[in-house]
1. If you check A:44, A:15, A:51, which single one turns out to be touching a residue at least 24 places away in the same chain (Cβ under 8 Å), among the small types (Gly, Ala, Ser), open to solvent by 30 Å² or more (accessible area, probe 1.4 Å) and on the phi < 0 side of the Ramachandran plot?
2. Of the conditions (1) away from chain B (no Cβ under 14 Å); (2) within 23 Å of the chain's Cα centre (by Cα); (3) of a type in the set (Lys, Arg); (4) closer than 16 Å to residue A:186 by Cβ, residue A:238 fails just one. Which one is it?
3. Among B:232, B:199, which is the only one that is within 12 Å of another protein chain (Cβ to nearest Cβ) and not charged (D, E, K, R)?
4. Can you tell me which residue is surrounded by the fewest Cβ atoms within 10 Å (Cβ to Cβ) among those in region A:18-27 that are facing chain B (nearest Cβ under 9 Å) and small (Gly, Ala, Ser)?
5. Output yes when any residue across region B:291-314 is small (Gly, Ala, Ser), surrounded by fewer than 24 Cβ atoms within 10 Å (Cβ to Cβ) and more than 14 Å from chain A (Cβ to nearest Cβ), and no when none is.
6. Determine whether region A:4-12 contains at least one residue that is open to solvent by less than 10 Å² (accessible area, probe 1.4 Å), part of a loop (DSSP other than H, G, I, E, B), modelled with pLDDT of 95 or more and not assigned by TED's automatic domain parsing to the domain that holds residue A:163.
7. Does residue A:52 satisfy being under 19 Å from residue A:323 (Cβ atoms) and either more than 14 Å from chain B (Cβ to nearest Cβ) or outside any helix (DSSP H, G or I) (or both)?
8. Every residue in region B:18-41 that is in a loop (DSSP other than H, G, I, E, B) and touching a residue at least 60 places away in the same chain (Cβ under 8 Å), please.
Protein chains: 2
Amino acid sequence: MKKLINDPNAVVRESLEGMAIAHADLINVHYQPHFIYRADAPISGKVALISGGGSGHEPLHGGFVGLGMLDAACPGEVFTSPTPDQMLEAAKAVHGGAGVLNIVKNYSGDVMNFEMAAELANAEGIPTLNILIDDDVAVKDSLYTQGRRGVGTTVLAEKICGAAAEQGYSLQALADLCRKVNLNGRSMGMALTSCTVPAKGSPTFELGDREIEMGIGIHGEPGRQRLTLQSADDIAQRLAESILEDPPYTRTLREWNLDAGDWIEQELTNPPLRAGDSVLAFVNSMGGTPLSELYIIYRQLAKICQQHQIQIVRQLIGPYITSLEMQGCSITLLKLDEEMLKLWDAPVKTPAWRWGI
Amino acid sequence: MKKLINDPNAVVRESLEGMAIAHADLINVHYQPHFIYRADAPISGKVALISGGGSGHEPLHGGFVGLGMLDAACPGEVFTSPTPDQMLEAAKAVHGGAGVLNIVKNYSGDVMNFEMAAELANAEGIPTLNILIDDDVAVKDSLYTQGRRGVGTTVLAEKICGAAAEQGYSLQALADLCRKVNLNGRSMGMALTSCTVPAKGSPTFELGDREIEMGIGIHGEPGRQRLTLQSADDIAQRLAESILEDPPYTRTLREWNLDAGDWIEQELTNPPLRAGDSVLAFVNSMGGTPLSELYIIYRQLAKICQQHQIQIVRQLIGPYITSLEMQGCSITLLKLDEEMLKLWDAPVKTPAWRWGI
């Protein structure tokens, strides 16, 4: 294992220390339990937006803490869910009196722990809602998941909901917006190479010299199929078609109900993408794939969208939800309406992103 | 070779096509000869800033074309200098009547071709100056270079000089500023892994499972020494000390003299970094190293700077001058004065960077 690390078991802590020193103007880091939070938190009267999950996907989530995005991020160990006490302490640190929305990627550990944290926070008088992101069309159920996994749409939901929170959305309105973003987003990824979790020291999975994994998860969990190496155009085509041809996806999710003080189940359906839709097209590097290759993927994606009469009105191209040093990419298409578009364009200032300010 | 590409010989072209589609609001791409230029060029009365070099270092240089940075970038084939006709055509496309400054990384091919381009442009009535970047303390002379190589300071010079051009600096004032940035910047890099040029198809060099290359060049050219794998803290220490302990560096460079209409030689010396200096600290990924590891490097760099009473007043952490998918990092320390600091903070809007606007 060759990495720029010291102790394999201190990677998360030392990386957080580096972030804290580098971005002291934007964020603070609390240790034991670990969470990153806005330097100006709590912000009175603003709904606090929190996310989190296993480390190893940087800049997600900690790089997105700041004005116009998250109030706090809870990093677990690499590829391991954070714990309820992290989430609860983060909520207490950033709650500005208007409630807390947790954006939760759909992995069993994250869901369980964020649900426990929400129950504890509500019991302590912090109105808290959780919204799941489950946008990965590759597989239903996986090593880490019941239902579809949460991937690229998470990044977009954090930006769009962060802008809405900044503009004064109520807790319920913010939850409704986040659910809408999730229902309008679809993703699929692939890997050229594996990645190595520092504490383990060996690759998470093995791929042959001419093999690729289509539908890979962000922890290296298996996807749809293992194929012989394809051209970038063919890979883009497979990823894009999996998204574009994905039928309406219906599942039952549970959300906290503030009035009932309990979880309620609701059936939710993703509407399929249609000719005439406007989308944000997100081509993401899994970490080790250079930007130049992402543009080759984007070039083909743009052609395919045009063929399907889907108009790309915003794009995002780069390493934003990664799997350590894995080579590969994912595509996310998010159907945008006027509300989401305006919120996407709104100012942001975080360690990873800054625009409009 | 596993990459997200189609034809190994069409990588640069197809990547440019992807960029052109993705960023049509910011840039245009001209093909044969290839150059990327601002969508709003030429800008009347503004000095035009041009850079270029071999591809494979993205987002350098094309990702830095736009408001507050470059007017044009000339990409060569991967790790291969662009040609004088690219540079001349780019100059014609973006010249707004106030002259052209070429920022040239010190590699023999780039220097020769940018000098020829400057002579041609001056002969055609476009006042053109070239400033060299030669900031890599690792080695004097290398496979591709006479004198020190141009690396991380290039990114910083493009931002600082781009802001100055936007603010109306004259051609000579801009050249003086760029020379100052170069003399105040020092860099050193290292590699954990090699990289593969698509058209070659095999790794540029070989590194053993426990070997690292200290002082690596951005084309994988050899550095100072090959070592057994070290901890991140030891690597950061070696890189930082090479920079901090670098003595005054004196060499003779030639620059075009507009009055004489000829090249003149001048002796230039980098002042060493001293206690009390304010710096911009840039921790750069060679491409395949994840952000989390860069923060571990930055954590140690910040400690070392503090020990040397050098104050980090700005930081930059990410993959900005890369070597395809190479794993490793480089450190650049740029001594800042008030002028450079203000220009660093000025608005920028390019495919890779956007802030303040």
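The values are calculated or read from the model by the stated rules, or taken from the named source; none is laboratory data. The structure displayed is predicted, hence computed values, not measured ones. Reconstructed Cβ throughout: ideal geometry from the backbone, glycine too, with neighbour counts over all protein chains shown. Areas reflect the complete protein model, heavy atoms only, side chains present, ligands, DNA and RNA absent. Shrake-Rupley method; radii C 1.70, N 1.55, O 1.52, S 1.80 Å.
1. Values: A:15 fails: open to solvent by 30 Å² or more (accessible area, probe 1.4 Å); A:51 fails: open to solvent by 30 Å² or more (accessible area, probe 1.4 Å).
Matching residue, one of A:44, A:15, A:51: A:44.
2. (1)
3. One residue alone meets the criteria, B:232.
4. The selected residue is A:20.
5. no
6. yes
7. Judged against the criteria, residue A:52 is a match.
8. Just the residues of region B:18-41 that are in a loop (DSSP other than H, G, I, E, B), to begin with: B:23-26, B:31-34, B:39-41.
Answer for region B:18-41, where residues must be in a loop (DSSP other than H, G, I, E, B) and touching a residue at least 60 places away in the same chain (Cβ under 8 Å): B:23, B:26.
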